Every structure is written in C-alpha cells, then in structure tokens.
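**Student:** Just dropping this structure here.
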Amino acid sequence: MDHRHFLIHKPYGFLSQFVYELKRKKKLLGALYDFPPNTMAIGRLDEDSEGLLLLTTDGIMSELVRSKKVEKEYYVQVDGIINQEAIEKVKEGVEIGFDGKKYTTKKCKASILNTVPEFGERGKKIRDERHGPTSWLSITIREGKFRQVRKMTSAVGYPTLRLVRIRVGNLHLQNLKAGEVIEIDNFDV
C-alpha cells in the first residue's frame, strides 16, 4: 500500500482532527481538503494555535515524527517585552502543570525574534497596541505535553497571545497560507 503525506498550514479556530463527537459545532481538517480515508494528523495543534501540521496515512511515520527525536519549532507572540532572563529560564526548563501533576520541561532552544514574523492576519484579532507591547520568540522543543509552549511562557510571566508552529524536523511552514494543503512524497524529518 502506498501511503500519502500532507503538509497543512492549520488555521486558527480549527481542530487537529477529522471527527468531533461533542455537540458543539467545530471546524475540522476535512473542511480544508479532500483527504484520503485513514488520514491522521501527526501530533496536534490546539484550536487556538496555528501553523505546520503533518498528516499521513502511515501510522509508523506518525510514531516517528511524534518521538522525542524530532524537533518542533514555534514562533510565539507573548504579552509584554520578554527579557533574556525569562528566555534562559525557558531554555533550562520550567515547572508546568500536566495531568494534575507538576512537570519540569526538558531543556530546549529559545531566543527572542528581532523582527515580527509575517503570518498575515489571524482569524480572530488578538488585540492592538492600546493593550500594551508584545514580543515574539522562537521556542524549539522535542517533547509535546498538552499546551506545553503556552504553559512555558506563562511560567516565566509572559502569557502566549499567538502560537505558530513553523517547523517539524526538516519540514518548514514555508509560504503556505492559512488553510493551504500540499501533498508531498515522504517526510524527510
């Protein structure tokens, strides 16, 4: 059986799934493209997050990409002007809540972005300058606890306003527009 693989720029407001059992109406990935049967998202981006999401019909590939061997990089807009001290704390690992317990994140890469990334307008406006300054940073992790990056920035005093995954391993968001899907031959992560 030949497996199929896709890159998608998951827009804000969409769930990283094809089926939603609860009563509330949600935007699902199947509304963006006619995916083949048995397509699955590799990992997740929560409804409020955007960016690169990989999809495949190959469960073995899904396991590999979700492993701690593969880096995931995020551009994160935070409330306030983040300082180097907070960046160092994020890099060393911070304590967050996960599954009702305290968890210290693994060491990661983090840096302040000197220019604002150009992702276009988000589906829902975040806020404007009247609410105070914001800053952008890059965070690269190899683990993926529930809402981990958001919890990490909050733990150092800078709540996340916008979260965009830009890279999974060697695969980049590139110039994909929100909602755009491309099929690729394989994942070279």
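The values are calculated or read from the model by the stated rules, or taken from the named source; none is laboratory data. Note that this is a predicted model, so its numbers are computed, not measured. When we count neighbours, we look across all protein chains shown, and the Cβ atoms used for this are built from the backbone with ideal geometry, even at glycine. Surface areas here come from the heavy atoms of the whole protein model, side chains and all, with no ligands, DNA or RNA. Shrake-Rupley method; radii C 1.70, N 1.55, O 1.52, S 1.80 Å.
**Student:** Being within 22 Å of Gln77 (Cα to Cα) and either small (Gly, Ala, Ser) or part of a loop (DSSP other than H, G, I, E, B) (or both) is the filter here; which residues of segment 39-54 pass it?
**Tutor:** Once the filter is applied, which keeps residues that are within 22 Å of Gln77 (Cα to Cα) and either small (Gly, Ala, Ser) or part of a loop (DSSP other than H, G, I, E, B) (or both), segment 39-54 yields Gly43, Arg44, Leu45, Asp46, Glu47, Asp48, Ser49, Gly51.
**Student:** Provide a single number: the residues in segment 92-105 that are out of contact with any strand residue (DSSP E or B) (no Cβ under 6 Å at 6 or more places or on another chain), under 16 Å from Arg150 (Cα atoms) and either among the aliphatic types (A, V, I, L, M) or surrounded by fewer than 13 Cβ atoms within 10 Å (Cβ to Cβ) (or both).
**Tutor:** The qualifying residues number 2.
**Student:** It is to be established whether one or more residues within segment 128-145 are acidic (Asp, Glu) and without any contact (Cβ under 8 Å) to a residue 12 or more places away in the chain.
**Tutor:** Taking segment 128-145 as the starting set, the residues that turn out to be acidic (Asp, Glu) are 128-129, 143.
Cutting the leftovers down to without any contact (Cβ under 8 Å) to a residue 12 or more places away in the chain gives us 128-129.
Yes, that holds for at least one residue.
**Student:** Taking segment 47-62, which residues are of a type in the set (S, T, N, Q) and either touching a residue at least 40 places away in the same chain (Cβ under 8 Å) or open to solvent by 30 Å² or more (accessible area, probe 1.4 Å) (or both)? Break it down into steps so the answer makes sense when it comes.
**Tutor:** Residues of segment 47-62 of a type in the set (S, T, N, Q): 49, 56-57, 62.
Hits for segment 47-62 are Ser49, Thr56, Thr57.
**Student:** State whether the residues of segment 121-137 include one that is farther than 20 Å from Gly43 by Cα and among the polar types (S, T, N, Q). Show your work before the answer.
**Tutor:** Going through segment 121-137, the residues farther than 20 Å from Gly43 by Cα turn out to be 121-137.
Imposing the further condition that a residue be among the polar types (S, T, N, Q) reduces the set to 134-135.
The answer is yes, given that some residue of segment 121-137 is farther than 20 Å from Gly43 by Cα and among the polar types (S, T, N, Q).
**Student:** Right, next: Pick from segment 23-38 the residues that are assigned to a loop (DSSP other than H, G, I, E, B) and open to solvent by 100 Å² or more (accessible area, probe 1.4 Å): which of them is nearest to Gly59 (Cα to Cα)?
**Tutor:** Let us first name the residues in segment 23-38 that are assigned to a loop (DSSP other than H, G, I, E, B), namely 23-26, 28, 32-38.
Subsequent filtering for residues that are open to solvent by 100 Å² or more (accessible area, probe 1.4 Å) retains 23-25, 34, 37-38.
Details: Lys23: 28, Arg24: 29, Lys25: 28, Asp34: 19, Pro37: 13, Asn38: 10 Å.
For segment 23-38, the residue satisfying everything is Asn38.
**Student:** Could you figure out which of (1) in contact with a strand residue (DSSP E or B) (Cβ under 7 Å, 6 or more places away or on another chain); (2) modelled with pLDDT under 95; (3) buried (at least 16 other Cβ atoms within 10 Å of the Cβ) isn't true of Arg147?
**Tutor:** For Arg147, the failing item is (1).
**Student:** Could you tell me which residue of segment 1-10 is farthest from Val149 (Cα to Cα), considering only residues that are open to solvent by 20 Å² or more (accessible area, probe 1.4 Å) and at pLDDT 90 or above?
**Tutor:** If we take residues in segment 1-10 being open to solvent by 20 Å² or more (accessible area, probe 1.4 Å) and at pLDDT 90 or above, then His3 is farthest from Val149 (Cα to Cα).
**Student:** Does Tyr74 meet the test of being buried (at least 19 other Cβ atoms within 10 Å of the Cβ) and under 22 Å from Pro11 (Cβ atoms)? Don't jump to the end; show me each part of the working.
**Tutor:** On the way: buried (at least 19 other Cβ atoms within 10 Å of the Cβ): yes; under 22 Å from Pro11 (Cβ atoms): yes.
So Tyr74 passes the test.
**Student:** Yes or no: Asp2 over 15 Å from Gly179 (Cβ atoms), part of a loop (DSSP other than H, G, I, E, B) and within 14 Å of the chain's Cα centre (by Cα)? Don't jump to the end; show me each part of the working.
**Tutor:** Details: over 15 Å from Gly179 (Cβ atoms): yes; part of a loop (DSSP other than H, G, I, E, B): yes; within 14 Å of the chain's Cα centre (by Cα): no.
It is false that Asp2 is over 15 Å from Gly179 (Cβ atoms), part of a loop (DSSP other than H, G, I, E, B) and within 14 Å of the chain's Cα centre (by Cα).
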